[in-house]
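Visitor: Questions regarding the structure given below will be posed in turn.
The values are calculated or read from the model by the stated rules, or taken from the named source; none is laboratory data. This is a predicted model, so every value here is computed, not measured. In this analysis, Cβ positions are derived from the backbone assuming ideal geometry, glycine residues included, and neighbour counts consider all displayed protein chains. What goes into the accessible areas is simple: the full protein's heavy atoms, side chains included, and nothing from ligands, DNA or RNA. Shrake-Rupley method; radii C 1.70, N 1.55, O 1.52, S 1.80 Å.
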Amino acid sequence: MDQLLICWFLWILRERERVEESEEEFESSFLVDLCVCSRFLQWKEAVVAVDTEEGEWEEGEAVTVVVVVEEVIKAGTAEEMEGEVEEVEEREEEAVMVAGHSSTTQARPNPWITPAPARVWGPRTPAPSTSPAGPAPNISPAPDNLVPAMQSMAISRQTPASSSLDKAANLVPVKRPDNGGTKAIRTARLRANHFNLSFNPESIIMHYDVDVKPEHPAKNGRPVKISKSELSAIRNKLFSDDPSKFPLLSTAYDGEKNIFSAVPLPTGSFKVEIPEEEGTRFSSYIFTIKLAKELQLRKLKEYLSGQLLDIPRNILQSMDLVMKENPARRMIAVGRNFYPTESDPNDDLGYGVAAFRGFQHSLKLTSQGPTLCLDYSVLAFHKRMSVTEFLQEQIRGFTLNNFKRFRREVEDVLKGLKVTVTHRKTKQTYIIMGLTDKNAGEITFDAVDIDGQIPPRKVRLPDYFRDKYREIQYKNIPCLDLGKNGKRNDTPMEFCVLVEGQRYPKESLGKEAAIMLKNISLPSPRDRQNMISNMVRSKDGPSGGGIIQNFGFEVNQNMTPVTGRVIVPPELKLGASDGKVIKVTVDGEKCQWNLVGKTFLEGKPIKCWAVLDFSSSDRFKLDPNQFIPKLIARVQMLRPLLESVNEKAKKEGNGYLQLLVCVMSKRDPGYKHLKWIGETQIGIVTQCCLSNMANKANDQYLANLALKINAKLGGSNVELNDRLPLVGNAGHVMFVGADVNHPAARNTSPSIAAVVATLNWPAANRYAARVRSQYHRVEKIMNFGDMCLELVESYERLSKVKPEKIIIFRDGVSEGQFDMVLNEELLDLEMAFESIKYHPTITLIVAQKRHHTRLFLENPRDGGYAGNISPGTVVDTTIVHPFEFDFYLCSHYGALGTSKPTHYHVLRDDHRFTSDQFQKLIYDLCFTFARCTKPVSLVPPVYYADLVAYRGRLYYESTEGQSPASVSSSSSSSTYSPLSVASLDQRFCKLHADLENMMFFV
């Protein structure tokens, strides 16, 4: 029977090669052809080959197809057995897709099989295939030897990449329901920092794969990792050696594996010899170029006009790289940002540090076509200067004559910095490992003859430099240790220069320098607009150097004019001094309100509370050198303290402690330990405050403190006077916010996922939170369905009914991850709801703050005192997506710098919101944030999710390095593993039961 399966599969491969598929329809696809014999009541696995763009079959990435085989009643034809699965575009973040029934969700029925309520979104319609169906093979097994249909199928990759079950199940973002909103109290003429990019749709961009290896392998036989700077130097040398065949200004290189060219390039392997001064590790390399694909720009035009369903990401990638090529050659690249090699003299921050004014840019697809979106950016860098000059600026009182006195400080400030040398011609950079034990005049080393003709001899470092380079001037100070991999490289300090482009952490800046950097980073709208325009026109900018022109691109150097609509702010409900509810109209310019003569709508009485004084006041002084460091070193000391305070309050106050106010003299690392123990171990609501602010006790500070305390205890600070658009007069609605907090660079700790949801209706201002740890830097929320299900159950316990409608706001995902949110996270959510036969209608929106779009008033008098756009300004035309449902909303008042609107992109909408309704709903919600008396820049469910995810990060940092037994007795049996999500949840993420439905995080 196995032989029959093999024969069948080999025939399928042969027929697949014979039948030609249209390249315009499918850029890459998986072909799943199965013939399964009956009476095999077990799981069968088949490895599916990948049909590559070149038409070759590769083993490549194995795709496992698991089929449940049951008794067969009748035979099936070849056509009945055939299925196709199209591979989706590559994701920007890796994630694991589970389609159908997976081992982790086996108990839940599949919502795609079980009928669900009517939806206004639908599966993507596949383009009709032009490939003729192949004839059935000349194999005639017995009728009961074939399975007519697959009842269950799951496709999973061996690498954490995203995929879909099939093309029909791959959901796409919902289309715009109208031509944009129309309601407004006034309109404003604006300029957006989008610069139209025109292109020739008949052009073709050649995409080449690049492979670079040393001509001679390393002596140890290990593969050689070549840095980006080395690869760029090798590529530049190859192209400069033969510019007629390799025109440098007609190509763009990503510094790794991809070259995009406006003209055909020679393919094959080429030897590249690098001069010594380039500083590469080898003198000759083999540079191999292979044509990967021809990118036809007409596909981009077809997508923009709606003729092509799938966004041509490979074309956008190539165009984006072309736009970055010129600044990448001329400027300092930091991530996606670019900065000049020299700073403005007026931006010197002192101590060898300066602020560098640069830009960040991206390519956006809008209703007017592709645009270059460019924004201003500032970073602090070390200045390029000699090491000796840097030390004199960095260390107060330092001179070379008293070096010994400052040796430890010198080593601290220099260690890890990159330098280049001046005594010989080279571009190579070195990392300072430290200082030599001896001074330069005392250092000797063994000089070895390369040819082996002369025996090794001791040589003094000063003699060596005098004979080969020049005299060492400062012999009575140490050298820099620039050694690597155990090899010595002692270099006199006077011959070393700091390399440009080394970031200086802003946390290390002095107070005055930090204020100066902040002021430079927050220019007024008019100044920012002028700087952006100058950067677009700069010879170092994206449109300079003549490169994009060689690709047929042209950038309009004027900002895009757009019309903004200012929508009406909501009226609010507050409490009056006599206990009645009063209606409040917000301020006309800033849309703020105050609490003078008013109270919270629902204030929570506090019957039992306590103050724990950590401050260093004169009367009740604690020794911080004794107490606070011990909190960090031995966290378990804090738990008995809080428990004793709780027990004392319970005994003397005849009730459980509702609130613990903790007074601290400064922002201390002990804060995270306090929060973790109080919120996960004991179940106490804590409110921290600084002693200097508490002592002043001004009305504004006390009011802000009261806002937070009342919200934490379950009170209601403010509510909307009118019902929310569309959903306000319907059944119960729950708003959900979701976000993931990732660790900093080079930190291997887990990511933290947070989901919050409203628990009351129609006020919709009380939230509960759930927090989980998950795999390192994975954006997909692994437990999204379970977390939301817990929150729905909490809603039901409090409101006696499940919400009929759910509106989800997802934060922190880019456009390339929309598919993951729609087809993986949402699938997990629906499977969780299906497990309890619960089918609410769902709307899903992504809220994006990490974008580059800025809006400027054509007439500054149309805005407020700061010159920013007014709160409630919406833009939903011109610079938005050609046909998907997105818009920009600035919901806050910008007092400093230039306001950044939030970009909202609707992915699914079962409720059929119009543009006006959705924009008004989100704007109104921004007035319900519990911590302030003004609208916030981000819709509260997302804002709260961000706070909870950060709180989860503090929990992890508080417990990091502790044994499970010291963390929690309940988790003492768990063995910690960095890959075990469940064990991490037990250790630090599980909230105390008393706080699960409270807003402890505000």
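Visitor: Among the strands (runs of 3 or more DSSP E) contained in the stretch 427-493, which hold 3 or more residues that are over 22 Å from ASN401 (Cβ atoms) and open to solvent by 10 Å² or more (accessible area, probe 1.4 Å)?
Guide: Correct list: 444-447, 457-460.
Visitor: Name the helices (runs of 4 or more DSSP H) wholly within the stretch 666-744 that hold at least 2 residues that are over 30 Å from ASP909 (Cβ atoms) and modelled with pLDDT under 90?
Guide: Fully inside the stretch 666-744 and qualifying: 691-696, 699-712.
Visitor: Another question, then. Suppose we keep only residues that are among the aliphatic types (A, V, I, L, M) and in a loop (DSSP other than H, G, I, E, B) within the stretch 760-784. Which one would you say is surrounded by the fewest Cβ atoms within 10 Å (Cβ to Cβ)?
Guide: Per the criteria, the residue is ALA763.
Visitor: Conditions: (1) of a type outside the set (Phe, Trp, Tyr); (2) open to solvent by 40 Å² or more (accessible area, probe 1.4 Å); (3) within 30 Å of PRO370 (Cα to Cα). ALA262 meets all but one. Number of the miss?
Guide: (2)
Visitor: Can you spot a residue in the stretch 363-386 that is small (Gly, Ala, Ser), open to solvent by less than 50 Å² (accessible area, probe 1.4 Å), closer than 30 Å to MET319 by Cβ and in contact (Cβ under 8 Å) with a residue 12 or more places away in the chain?
Guide: yes
Visitor: Could you tell me whether SER533 is under 28 Å from VAL874 (Cβ atoms) and either open to solvent by less than 10 Å² (accessible area, probe 1.4 Å) or under 35 Å from the mean Cα position of the chain (by Cα) (or both)?
Guide: Taking the combined requirement at face value, the residue satisfies it.
Visitor: Step by step: first the residues of the stretch 785-817, then only those that are part of a helix (DSSP H, G or I) and among the polar types (S, T, N, Q), then the one that is farthest from LEU316 (Cα to Cα). Which residue is that?
Guide: Per the stated criteria, the residue is SER799.
Visitor: Within the stretch 561-578, track down each residue that is in contact (Cβ under 8 Å) with a residue 12 or more places away in the chain and either surrounded by fewer than 19 Cβ atoms within 10 Å (Cβ to Cβ) or within 31 Å of the chain's Cα centre (by Cα) (or both).
Guide: Within the stretch 561-578, PRO561, VAL562, THR563, GLY564, ARG565, VAL566, ILE567, VAL568, GLU571, LYS573, ALA576, SER577 qualify.
Visitor: Could you list, in sequence order, all residues of the stretch 345-355 that are of a type in the set (A, V, I, L, M, F, W, C) and out of contact with any Asp or Glu (no Cβ under 7 Å at 6 or more places or on another chain)?
Guide: LEU349, VAL353
Visitor: Being at pLDDT below 85, buried (at least 20 other Cβ atoms within 10 Å of the Cβ) and more than 30 Å from TRP593 (Cβ to Cβ): is that true of VAL635 here?
Guide: So VAL635 fits the description; yes.
Visitor: Could you tell me which of the residues ASN747, ASN765, ASN760, ASN783 is within 18 Å of the chain's Cα centre (by Cα) and farther than 20 Å from ASP910 by Cα?
Guide: Step by step, each of ASN747, ASN765, ASN760, ASN783 is checked, and only ASN747 is within 18 Å of the chain's Cα centre (by Cα) and farther than 20 Å from ASP910 by Cα.
Visitor: Across the stretch 409-423, which residue is surrounded by the most Cβ atoms within 10 Å (Cβ to Cβ) among those that are within 14 Å of PHE495 (Cα to Cα) and in contact with a helix residue (DSSP H, G or I) (Cβ under 8 Å, 6 or more places away or on another chain)?
Guide: The selected residue is VAL419.
Visitor: Name the single residue, out of those in the stretch 334-349 being at pLDDT 95 or above and in a strand (DSSP E or B), that is most open to solvent (accessible area, probe 1.4 Å).
Guide: Top of the filtered list is ASP348.
Visitor: A follow-up question, please. Could you check VAL210 against (1) more than 30 Å from LYS418 (Cβ to Cβ); (2) in a strand (DSSP E or B); (3) open to solvent by less than 30 Å² (accessible area, probe 1.4 Å) and say which number it fails?
Guide: VAL210 satisfies every listed condition except (1).
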